[in-house]
Ligand SMILES: NC(=O)c1ccc[n+]([C@@H]2O[C@H](COP(=O)([O-])OP(=O)(O)OC[C@H]3O[C@@H](n4cnc5c(N)ncnc54)[C@H](OP(=O)(O)O)[C@@H]3O)[C@@H](O)[C@H]2O)c1
């Protein structure tokens with residue numbers, strides 16, 4: 001689609017990334033339709049909402065015959081992809097499918113090898129088949145759209161609206177002060193993509209007619225530089241006066257004491273163990289940047305997150321202060337501080353029992 005106002009369809013649009021795409025498309029002056037059930041949240045202002053349920057072929061009939069310059073989809077299961085392609089592929093000028101780096105079969109090295117796809121009619125939502133499901137989704141999109149399709153594979157998406165809060169744990173924890181448990185190795189590479197950068201890029205790519213398959217991820221930096229960057233953003237915002245007192249504890253000790261990597265209850269966000277995940281945080285950003293992805297600085301990303309979330313934080317990932325205190329006490333050979341529980345009460349700590357898939 002060219003940069004003029006165009007007809008845009010967002011399949012999803014009621015949650016996080018797809019909602020950010022829809023809102024940004026409206027801000028750019030496009031005519032935006034959002035199609036979903038409407039149970040995950042409200043679509044942004046200024047869109048036309050079409051009620052669909054991708055659980056069955058009949059559930060997407062409302063879209064049949066629709067004509068759009070660009071369609072954006074974030075589906076997780078191939079059973080949700082085939083039916084919309086049946087009713088829309090012929091009327092779509094361009095199709096942008098959001099996949100995941102979880103399609104890659106290996107985490108221990110950076111490799112292009114992907115999982116064997118699930119069946120094209122699979123509706124299995126379990127995290128164990130997430131990557132394989134996305135491979136099947138990608139294949140369906142490529143088969144039907146050919147050279148009108150862009151498939152992007154994001155790594156960890158961070159920003160306002162994030163339902164998983166892997167970034168959010170860190171600024172909120174730093175703002176509380178005191179000794180902070182830091183995971184593993186300062187040099188361990190981490191990478192992410194800012195949700196607004198990603199939405200902007202997907203819309204720019206549609207304007208420019210970028211097609212093919214690309215990772216959607218920013219440059220990697222060490223975990224130490226990452227935590228320092230978060231602290232510096234909070235210092236610049238006037239939230240804290242100086243960088244926090246970080247205590248780096250080796251991964252073996254963390255794992256032995258029940259600290260979970262990556263996401264979910266009692267986890268340290270962004271941290272993944274070695275050697276199983278040695279390839280996880282260092283995929284090259286270059287191809288996406290060459291294709292137009294513009295990366296915000298870490299400080300810009302953290303400031304945006306802070307301004308959107310700090311007033312009413314509700315953490316869905318990370319460690320409770322009680323657990324963090326226990327691990328730090330075990331590391332130092334001291335007794336945990338009994339006062340830490342009050343922080344957990346004040347935080348509105350609402351971590352789900354199970355983490356969502358790695359992507
Ligand atoms: N978060 C990360 O760090 C990360 C990393 C890598 C990749 N990804 C990928 O990034 C994308 C994130 O998408 P997102 O932020 O928009 O969140 P999402 O939770 O994947 O959103 C799913 C959207 O699809 C709609 N939907 C779900 N089931 C539906 C059904 N049966 N019928 C119709 N619509 C349905 C939902 O709306 P309703 O519920 O209202 O119907 C919602 O708007 C996903 O593709 C994910 O795999 C995420």
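The values are calculated or read from the model by the stated rules, or taken from the named source; none is laboratory data. Just so it is clear, the model here is predicted, and its values are computed rather than measured. Using ideal geometry, Cβ is built from the backbone for each residue, glycine included, and neighbour counts are taken over all protein chains shown.
Couple of notes before you dig in:
- Residues within segment 268-304 that are in a strand (DSSP E or B) and either modelled with pLDDT under 95 or over 29 Å from residue 237 (Cα atoms) (or both), tallied: 1
- Of all residues in segment 314-329, those satisfying the criterion of being in contact with a strand residue (DSSP E or B) (Cβ under 8 Å, 6 or more places away or on another chain) and closer than 14 Å to residue 171 by Cα are 317, 318, 319.
- Meets criteria (part of a loop (DSSP other than H, G, I, E, B) and either touching a helix residue (DSSP H, G or I) at 6+ places or on another chain (Cβ under 6 Å) or without any contact (Cβ under 8 Å) to a residue 12 or more places away in the chain (or both)) for residue 89: no
- Top-ranked residue in segment 125-165 [being away from the ligand (no atom under 14 Å from the Cβ) and more than 27 Å from residue 197 (Cα to Cα); ranked as surrounded by the most Cβ atoms within 10 Å (Cβ to Cβ)]: 144
- Residues in segment 314-345 that are under 18 Å from the mean Cα position of the chain (by Cα) and either surrounded by fewer than 19 Cβ atoms within 10 Å (Cβ to Cβ) or in a helix (DSSP H, G or I) (or both): 1 in all.
- Within segment 24-43, considering residues that are touching a residue at least 40 places away in the same chain (Cβ under 8 Å) and part of a helix (DSSP H, G or I), the one surrounded by the most Cβ atoms within 10 Å (Cβ to Cβ): 25
- Residue check for residue 215: assigned to a helix (DSSP H, G or I) and surrounded by 16 or more Cβ atoms within 10 Å (Cβ to Cβ): no
- Residues that are surrounded by fewer than 22 Cβ atoms within 10 Å (Cβ to Cβ), within 13 Å of the ligand (Cβ to nearest atom) and within 14 Å of residue 81 (Cβ to Cβ) do not occur anywhere in segment 106-121.
- For segment 20-29, the tally of residues that are closer than 13 Å to residue 72 by Cα and either within 9 Å of the ligand (Cβ to nearest atom) or touching a strand residue (DSSP E or B) at 6+ places or on another chain (Cβ under 8 Å) (or both) stands at 4.
- Taking (1) crowded, with 17+ Cβ neighbours inside 10 Å; (2) assigned by TED's automatic domain parsing to the domain that holds residue 175 in turn, residue 307 satisfies each apart from (1).
- Selected residue [over 23 Å from residue 274 (Cβ atoms) and touching a residue at least 24 places away in the same chain (Cβ under 8 Å)] from 167, 172, 156: 172
- Taking (1) surrounded by 16 or more Cβ atoms within 10 Å (Cβ to Cβ); (2) more than 16 Å from the ligand (Cβ to nearest atom) in turn, residue 101 satisfies each apart from (2).
- Residue that is modelled with the highest pLDDT [pool: residues in segment 237-267 that are assigned to a loop (DSSP other than H, G, I, E, B) and within 21 Å of the chain's Cα centre (by Cα)]: 266
- Only residues that are within 25 Å of residue 166 (Cα to Cα) and either outside the structural domain of residue 89 (by TED's automatic domain parsing) or in contact (Cβ under 8 Å) with a residue 40 or more places away in the chain (or both) were counted in segment 44-55, giving 0.
- Residue check for residue 54: more than 13 Å from the ligand (Cβ to nearest atom) and either under 23 Å from the mean Cα position of the chain (by Cα) or not in a helix (DSSP H, G or I) (or both): no
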